[in-house]
């Protein structure tokens, strides 16, 4: 059986520093030789971190102030204090232009102008908002706003175009936009197209809460909710005697 051999470590070997100790000593010597540069680098890093932190805190502070201004303006609009609402939204739209909050401020500023019967200002403001490319529900509401402003200005063609675009989007204003598009057709003098649009709304929305409103609009145009039946190329009048020959 072989006897395991043991390697004897000399005192000279034990006195030699290991790799870790050598590295630590080297780092210490390097820092001692470059102490000035190390201090400067540390100071610069501290200043950079302090600037980043200060900027972050300042940005958060400004965002908080802007949010508070926005909600104050919303409350003013809800309370019908239109002058205060206009002032708040105008300031945010100018100072936060391009930001999400600034765009929302522009949207509600148009609402404020409409509430004050200033359709020209509302139209210009909402066109600026739409030019920034909002999507979804806010785009649909903005198009309806533009339709209302254009209708108030007597520009029924522009109003119809805005309502028609809004009606092609899914959202809470879809039914309102469809009815308004039909109404502006009548305002432009195209009663036949308006009647067809109202009837199409009733056909596509049999349980809509706006049905009474649409039926009344049809009545004012001298039309019924249902198109007249066609027989031999002519409408059949209900209640009239039928004298035609039958096979």
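Sorted by mean Cβ packing within 10 Å, highest first, what order do the peptides 120-128, 133-141 take?
Sorting 120-128, 133-141 by mean packing, highest first, produces 120-128, 133-141.
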Per-peptide average of other Cβ atoms within 10 Å, ordering 108-114, 174-180, 71-77, 187-193 highest first: 108-114, 174-180, 71-77, 187-193
Residue 138-residue 193 FRET efficiency (beta carbon distance; Förster radius 30 Å; 0.05 resolution): 0.55
Residue 210 paired with residue 120, simple spin-label distance in nm, labels 7 Å along Cα-to-beta-carbon: 3.0
Zone residues, the stretch 156-180, relative to residue 200, backbone N less than 12 Å from point 7 Å out along Cα-to-Cβ: 164-165, 167-168, 178-179
Stretchable slack from residue 220 to residue 95, in nm (0.36 nm times residue separation minus alpha-carbon distance): 40.2 nm
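Any read-out appearing in this document is the output of simple, stated calculations on the displayed coordinates, not a laboratory observation. In this text the structure is predicted, and so the values were computed from the model without any measurement. Positions of Cβ are generated from backbone atoms using ideal geometry, with glycine treated the same way; all protein chains shown enter the neighbour counts.
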